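Since the structure comes first, as structure tokens, the remarks are kept for the end.
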Amino acid sequence: MSKMSTERARIVLNGPTMGTRWSALFFADRGRDTDAIRAALQAVVDEVDTQMSTWNAESALMRINAAPVGDWVVVPEQLRAVLRLGLEIGRASGGAFDIGMGDAVTAWGFGPGAAAPEGIRAAMDAPRRPAQEVLEIEGMQLRKTAPIALDLNGIAKGYGVDQLAETLRDHGIADALVGIDGEMRAMGLRPDGEAWIIAVEAPDPDRRTPQSVLALQDAAVATSGDYRHWVEVQGCRLSHTMDPRRGAPLIAPPASVTVVARTCAEADAWATALMVLGAERGADLARQRGLDALFLLCDDEGNAMGVGVGRLFSEEPAAIASAGGR
């Protein structure tokens, strides 16, 4: 058999989702029709967006937000799974990850509208109970026991990445690299038998450069940072990550936190939780939970130093780490 007939082609697919783009990289037999795969990948992220978007007033999530306190609401299966995981990580993180910050996210200008001073004051003054104390899920239904505005920006993209991976598996593709806006999941290995190479971005708002490199096999990675998504309020640049204790953006957080986990939804949520906790408390919790995490801290001159936790990242400034057989 000729070499040409046994070579596998490099396939790159992508499309729009959640205000950014999804991507899938894999290798397949030459001549394989990828139109059906592309359509299936687009459909699965469209469904995640339809269920979990806060930009769409008709999404399943926004219907929950609009429902009166105490009313049971039927919730689609995927949304229930993400809500359950969000509540689980909320409990495990002591409330650092809180899916009930929708009012603050909107007030500070990270939703469909601009920052609103009255909304900011209301969000900061509002008595807050963590989402895990307010939401009840029974079977296919959910109800709120107190007023709360849900927001899944800290977990929905990661879940979307996991859905991309599962969709490729459904099409018989076991080795691939999928992602949404920098949240990535590696499946199997590259054709040369090596792990997939993923860069951890340097915390530089002006350009995209790698800070360190990961070699991943059957693992996912997500980063939460203060340098890419932000708003300016009264001349101050504010991170999009909310402090659940204050109903306001974090003050002096790490430049970024990267987490490697089994699924991208878990990595996404834990990266947010550790960002909220900060380098010291976050690293302590990461050690207790057995998490692999990299905290990037910037000095006054903008130089970044990495502090790693877990077997993938040494406790020294990190440069290269690998994950395999997870």
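For LEU312, the accessible area of its heavy atoms, probed at 1.4 Å with every protein chain present, is near 10 square angstrom. With contacts taken as Cα pairs under 8 Å and at least 6 residues apart, the range 55-152 reaches a relative contact order of 38 percent. Charged neighbours of LEU189, selected by a Cβ distance under 12 Å, balance to -3 (K, R count +1; D, E count -1). Under the simplified labelling scheme, the VAL12-GLU133 pair shows an inter-label distance of 4.9 nm, with each label point 7 Å from Cα along Cα→Cβ.
Considering all C-alpha pairs of the chain, those separated by over 27 Å amount to 45%.
Note that the range 66-158 carries a Kirkwood radius of 13.8 Å, evaluated over its alpha carbons pair by pair.
Here each label is just a point 7 Å from Cα along the line to Cβ, and for THR50 and ILE197 those points are 3.9 nm apart. If the segment from GLN141 to ARG32 were pulled out straight at 0.36 nm per residue, it would be longer than the present Cα-Cα gap by 35.1 nm.
Here r is the Cβ-Cβ distance between GLU58 and ARG121 and R0 is 35 Å; the resulting FRET efficiency, rounded to 0.05, is 0.75.
Only beta bridges with both residues in the chain are counted; by DSSP, about 90 percent of them are antiparallel. Measuring nothing but how far apart in sequence close Cα pairs (under 8 Å, 6+ apart) lie, relative to its length, the chain scores a relative contact order of 15 percent.
Among TRP72, TRP108, the sequence by solvent-accessible area, most first, with a 1.4 Å probe is TRP72, TRP108.
Full extension of the chain between ALA66 and THR20 yields a length gain of 14.0 nm, computed as 0.36 nm times the residue separation minus the alpha carbon distance. Stretching the chain fully between GLN288 and THR209 yields a gain of 25.3 nm (0.36 nm per residue, less the alpha carbon separation). Remark: the chain carries 47 Å² of accessible area per residue (probe radius 1.4 Å; ligands, DNA and RNA excluded).
Tilt of helix 156-170 relative to the longest C-alpha principal axis of the chain, in degrees (0 to 90, nearest 10)? The angle comes out near 30 degrees.
Surface listing: GLU77, GLU183 arranged by accessible area from highest to lowest gives GLU77, GLU183, probe 1.4 Å. For the chain, the share of accessible area belonging to carbon and sulfur comes to 49 percent (1.4 Å probe, ligands and nucleic acids excluded). If I fit a long axis through the Cα atoms of helix 35-52 and take the longest principal axis of the Cα atoms of the chain, what angle between them do I get, 0 to 90°, rounded to 10? That helix lies at roughly 10 degrees to the long axis.
The values are calculated or read from the model by the stated rules, or taken from the named source; none is laboratory data. For clarity, every value in this text was computed on a predicted model and none was experimentally measured. Neighbour counts run over all protein chains shown; Cβ positions are idealised from the backbone, glycine included. With ligands, DNA and RNA removed, areas are computed over all heavy atoms of the protein, side chains included. Shrake-Rupley method; radii C 1.70, N 1.55, O 1.52, S 1.80 Å.
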